[in-house]
Amino acid sequence: MNASESHHMDLAPIRDSEILNAIMEAVNNYDFASSGEWEELDQLSTHTKFESLDANPDGIFEVRKGNGDELSFQAIGDVYVTLNYGDKRDSASMSDSYPARFEGRFDRKTGKATLDLVKVDTSAFYS
């Protein structure tokens, strides 16, 4: 199959600081603890506490679709948590982070970014 027959996504780094800032703000403000992805992290300890969600500014890419006012993006980053084990008398806690992948849209008219998908890779916890 040659390149013209391929249907894979064409990714390009986003360089526009306004778009980058909007995407990073959407990631930072995402209500991760209420999302479907949270359950997977919550199972890692007796009481997992969400700390933060961050996107890597060098890992934010435009998905080339050419659909006018809306720009689709993919980004990589990390989710930070505190893992708590045991009860009040015999407890231990440790900070940890896991790689995350984000997909979403940036609306050129409003200057706002929206996340549609957040995926966290917790496989390192089990290895």
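Residues that are more than 10 Å from the chain's Cα centre (by Cα), surrounded by fewer than 11 Cβ atoms within 10 Å (Cβ to Cβ) and under 30 Å from Asp10 (Cα atoms) do occur in the range 59-67. Against the test of being of a type in the set (Lys, Arg) and within 11 Å of the chain's Cα centre (by Cα), the options Lys88, Lys109, Lys49, Lys119 yield a single qualifying residue, Lys119. If Thr114 passes every condition in (1) under 21 Å from Leu44 (Cα atoms); (2) surrounded by fewer than 16 Cβ atoms within 10 Å (Cβ to Cβ) but one, which one does it miss? Status for Thr114: all satisfied but (1). Of the listed requirements (1) in contact with a Leu (Cβ under 6 Å, 6 or more places away or on another chain); (2) free of Cβ contacts under 8 Å to residues at least 40 places away in the same chain, Val27 misses just one: (2).
Number of residues in the range 53-69 that are at pLDDT 95 or above and among the polar types (S, T, N, Q): the value is 1.
When you check Glu103 against the structure, is it in contact with a Leu (Cβ under 7 Å, 6 or more places away or on another chain) and closer than 23 Å to Ile23 by Cβ, yes or no? Judged against the criteria, Glu103 is a match.
Filtering Leu20, Leu41 for residues that are at pLDDT 90 or above, crowded, with 18+ Cβ neighbours inside 10 Å and in contact with a Ser or Thr (Cβ under 8 Å, 6 or more places away or on another chain) leaves a single hit, Leu41.
In the range 94-111, of all residues being surrounded by 18 or more Cβ atoms within 10 Å (Cβ to Cβ) and small (Gly, Ala, Ser), the one that is nearest to Val79 (Cα to Cα) corresponds to Ala100. Has the range 97-107 got any residue that is more than 16 Å from Ser52 (Cβ to Cβ), polar (S, T, N, Q) and at pLDDT 95 or above? Scanning the range 97-107 turns up no residue that is more than 16 Å from Ser52 (Cβ to Cβ), polar (S, T, N, Q) and at pLDDT 95 or above.
Table: residues versus (1) part of a strand (DSSP E or B); (2) of a type in the set (Phe, Trp, Tyr); (3) without any contact (Cβ under 8 Å) to a residue 60 or more places away in the chain; (4) touching a Gly at 6+ places or on another chain (Cβ under 8 Å).
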| position | (1), (2), (3), (4) |
| --- | --- |
| Glu103 | yes, no, yes, no |
| Phe106 | yes, yes, no, no |
| Thr114 | yes, no, no, yes |
| Val118 | yes, no, no, no |
| Phe125 | no, yes, no, no |
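For the range 35-90, give me each residue that is more than 18 Å from Lys119 (Cα to Cα), part of a loop (DSSP other than H, G, I, E, B) and not charged (D, E, K, R). Within the range 35-90, Ser45, Thr46, Gly68 meet the criteria.
The values are calculated or read from the model by the stated rules, or taken from the named source; none is laboratory data. From a predicted model like this one, the values you see are computed outputs, not experimental measurements. With ideal geometry, Cβ positions are generated from the backbone for all residues, glycine too; neighbour counts draw on all protein chains shown.
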